[in-house]
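The values are calculated or read from the model by the stated rules, or taken from the named source; none is laboratory data. Here the structure is a predicted model, which means the values were calculated and not measured. Please note: Cβ atoms are built from the backbone with ideal geometry, for glycine as well, and neighbour counts cover all protein chains shown.
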Amino acid sequence: MSIVLSNISKNFGDFSALHDIDLEIPEGELVALLGPSGCGKTTLLRIIAGLEQTDKGKILLNGEDKTDFHVSQRGIGFVFQHYALFRHMTVFDNVAFGMRVKDKKVRPSEAEITRKTHALLELVQLDWLHNRFPDQLSGGQRQRIALARALAVEPSVLLLDEPFGALDASVRKDLRQWLRSLHHELNVTSIFVTHDQEEAMEVASQVVVLNKGRIEQQGSPAEIYDHPANVFVSKFIGQTNEFTLSHFTADWLKQTGLYVNENFAPETVAHVRPHDIEITKATNETPVTLKDWQHLGALIRIELVKNLPHQTPKSVFAEMPNAQFKSLQLNRGDNVDLKIRHAHWFN
Amino acid sequence: MSQSRIMPAFRPTISFTLLYLSLVVLIPLSTLVFKSFQLSFDDYLNIITNKRVVAAFRVSFSTALGAAVIASFFGFIVAWVLTRYPFVGKRFFHALIDLPFALPTAVAGIVLATIFQPSGLLGKFLKQHFDLQIGFKPAGIVVALIFISIPFVVRTVEPVLQEFDSRMEEAASSLGATRWQVFTKIIFPNIFPALLTGFALSFARGVGEYGSVIFIAGNLPYVSEIVPLLIITKLEQYDIPGATAIALTMLVISFLLLLLINFSQYIVRKRSGQL
């Protein structure tokens, strides 16, 4: 089911959480709402769910205006950050809840509910826990039960608030993969909120970057990474090095490949990803020296320092495969020449 | 070394607990038991099956039960209002709730008796419009007991309501539950054990209450005479064996009832995964 948000704004007292959000999500996508904490992403998710009312604007689910619908009438499934499982019910009763509270006329028979609940528990691979209470489960298990519970009402839209936020790193990794494949299987339009850009890139088919209550950019993970729309997105997604062009000589800029033209604006900044920097040993004096390096597994991260007159020294990070770095035979303190393969310029 | 415990200081704390229970609860109460042993079993039976005594027991336990039920209902609503809604004068209201704890019960009794007696402020109104008499009737006892026991319910339910995870309500709503379903299936089952505790406390308090009741009850034998009053009456007549026999019976019944409530609470908690 497609989701269309038009002109959504929300204030909490004097604090403006969302300004004029316009967003279209086509059917079947798995969308990440990505942004730093306090950017309004959870508020936006809660507004789509109907757990929060928008001050103005419209919410259309599958072309139907649902702005004034109560959360129970919107046909959404919501997975809470801390799962919000019903503590006083077994896992089975938790999952069956959504079917049992249905109006008598549309409620499935108890046998049907039992069958479906077990099927859902099998889908999340936890049917063997159906007699347990939520307090007896691990975080990852609770997460999956919360998901099964939300899916039980056959929602047209699945909304997940920081679905992996409260889990430890290894469980999180597994669950990310699992969520992706589950989405593939069910193909229900899903939106999840996260502050972790890596998670958004890994799981989502579409990423919406939010900052201070506004949408900065929307696109596929590759689009956002390769073509950041502005400084914020460029800095927030992945690692970025900043070069203020006016700090360097034109010769050096030309040599590295950061040069634009002779009359660039003084505040022009070039953003360069660590893996887009090539390093060679310099024979003469250069503004950049090698400070240190760390092993990241297959890659090595090289810390360089910009030594500029009248500026505090700033670090630049470059990444390259281990073998390549060894062949350069660099030592700490060496002057290096840079070759920038790819950069984004922002004014 | 014997097995080490995860929680330290088991020995000193259990010793203290036993000492405390012995000094304050067990020794005085066992004295009561020993005193009543001075009676033969037939005498004991004669005393407690006396019509007036049986009637007093009926009055005491039925009014305490009725008051506990009503206090639980209203106490729950008061706790709900205090935790759920912001309103002007909430702090004042909070202090007001605890007042029955602090007030000498006799003062409460006299005040209630004054307004509920047939010529009193409320008593007159109820008599004229509903032909209802509260003062000097068993209903008056219930009113006094509600007054005394509401804070027990409010103060036991309130913290649980406060800690209640409102995300559970949101989750239930998102699954399509109506407001009423959210209340009956999510909120109430989570609050119920605490409410049961509040009920047990107010019931226990109601059974033993003396000061506030005697002024409003009218103390008519067979109708509105409570057991504690009967005990005092016996003591005043130097009928100490009679008083102890009644007291012991009351003690045993109260203890059994509280045990029953605790047991049902255990079942409720067990079924809702809290144990």
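Within 14 Å of chain B (Cβ to nearest Cβ), closer than 22 Å to residue A:98 by Cβ, touching a residue at least 60 places away in the same chain (Cβ under 8 Å) and out of contact with any Lys or Arg (no Cβ under 9 Å at 6 or more places or on another chain) - does that describe any residue in the range A:169-190? No, that holds for no residue.
Scanning the range B:144-168 for residues that are in contact with a Phe, Trp or Tyr (Cβ under 7 Å, 6 or more places away or on another chain) and more than 9 Å from every other protein chain (Cβ to nearest Cβ) yields a count of 5.
Within the range A:97-130, the set of residues being within 29 Å of residue B:269 (Cβ to Cβ), of a type outside the set (Val, Ile, Thr) and at the interface with chain B (Cβ under 10 Å from one of its Cβ atoms) comprises A:97, A:98, A:99, A:100, A:102.
If you go through the range B:219-242 one residue at a time, do you hit one that is charged (D, E, K, R), over 24 Å from residue B:45 (Cα atoms) and touching a residue at least 60 places away in the same chain (Cβ under 8 Å)? No, because not a single residue in the range B:219-242 is charged (D, E, K, R), over 24 Å from residue B:45 (Cα atoms) and touching a residue at least 60 places away in the same chain (Cβ under 8 Å). The set of residues from the range A:33-45 being touching a strand residue (DSSP E or B) at 6+ places or on another chain (Cβ under 9 Å) and either crowded, with 22+ Cβ neighbours inside 10 Å or more than 13 Å from chain B (Cβ to nearest Cβ) (or both) comprises A:33, A:34, A:35, A:36, A:38, A:39, A:40, A:41, A:43, A:44. Against the test of being assigned to a helix (DSSP H, G or I) and of a type in the set (Gly, Ala, Ser), the options A:166, A:229, A:146 yield a single qualifying residue, A:146.
Among (1) exposed (fewer than 15 other Cβ atoms within 10 Å of the Cβ); (2) in a loop (DSSP other than H, G, I, E, B), there is one condition residue A:89 misses while meeting the rest; what is its number? The single condition residue A:89 does not satisfy is (1).
Given the range A:247-332, what strands (runs of 3 or more DSSP E) lie entirely inside it while holding 1 or more residues that are exposed (fewer than 15 other Cβ atoms within 10 Å of the Cβ) and polar (S, T, N, Q)? Fully inside the range A:247-332 and qualifying: A:277-281, A:288-295, A:314-321.
With respect to the stated conditions, residue B:134 is over 16 Å from residue B:64 (Cβ atoms), out of contact with any strand residue (DSSP E or B) (no Cβ under 6 Å at 6 or more places or on another chain) and either more than 14 Å from every other protein chain (Cβ to nearest Cβ) or basic (Lys, Arg) (or both). Inspect all residues belonging to the range B:169-176 and state whether any of them is at the interface with chain A (Cβ under 9 Å from one of its Cβ atoms) and farther than 19 Å from residue A:46 by Cβ. No, there is no match, as no residue in the range B:169-176 is at the interface with chain A (Cβ under 9 Å from one of its Cβ atoms) and farther than 19 Å from residue A:46 by Cβ. Taken together, the criteria exclude residue B:192 from residues that are away from chain A (no Cβ under 14 Å), among the aromatic types (Phe, Trp, Tyr) and part of a helix (DSSP H, G or I).
In the range A:70-86, the qualifying residues are those that are part of a loop (DSSP other than H, G, I, E, B) and among the aliphatic types (A, V, I, L, M), and the one that is surrounded by the most Cβ atoms within 10 Å (Cβ to Cβ) is A:85.
Taking (1) more than 13 Å from residue B:76 (Cα to Cα); (2) in a helix (DSSP H, G or I); (3) more than 18 Å from the chain's Cα centre (by Cα); (4) at pLDDT 90 or above in turn, residue B:229 satisfies each apart from (3). Taken over the range A:60-69, residues that are within 14 Å of chain B (Cβ to nearest Cβ) and surrounded by fewer than 13 Cβ atoms within 10 Å (Cβ to Cβ) amount to 0. Every test in (1) crowded, with 16+ Cβ neighbours inside 10 Å; (2) more than 14 Å from chain A (Cβ to nearest Cβ); (3) within 24 Å of the chain's Cα centre (by Cα) is passed by residue B:264 save one, and that test is (1). Of the helices (runs of 4 or more DSSP H) lying entirely inside the range B:1-119, the ones with 3 or more residues being touching a residue at least 40 places away in the same chain (Cβ under 8 Å) are found at B:27-37, B:41-48, B:51-84, B:90-102, B:105-116. The set of residues from the range A:75-89 being β-branched (Val, Ile, Thr) and at the interface with chain B (Cβ under 7 Å from one of its Cβ atoms) comprises just one member, A:76.
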